[in-house]
């Protein structure tokens, strides 16, 4: 029988951070895409889109001059 081979690997902290940020970015992109498709399908089924967004009034005074 042969002896097991031991492989020692070192992952640089910068590389580990890059991998974590990449995975989180992919998860965010998948979530955003799923949300977009959900609203698109919802609009086709119910005929309504997203609820209207509430917009804060402008901070400029007398904006309609």
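The values are calculated or read from the model by the stated rules, or taken from the named source; none is laboratory data. If you're wondering where the values come from, they're calculated on a predicted model, not measured in any experiment. Cβ sites come from the backbone with ideal geometry, for glycine too, and all protein chains shown count toward neighbours.
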Is at least one residue of segment 8-16 surrounded by 10 or more Cβ atoms within 10 Å (Cβ to Cβ) and modelled with pLDDT of 85 or more? yes
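Across segment 18-59, which residue is nearest to the chain's Cα centre (by Cα) among those that are modelled with pLDDT under 90 and outside any loop (DSSP other than H, G, I, E, B)? Spell out how you get there, then give the answer.
First, the residues of segment 18-59 that are modelled with pLDDT under 90: 39-59.
This time we only want the ones that are outside any loop (DSSP other than H, G, I, E, B), so: 39-46.
On the way: 39: 16, 40: 18, 41: 20, 42: 20, 43: 22, 44: 24, 45: 25, 46: 26 Å.
Among those residues, the one meeting the criterion is 39.
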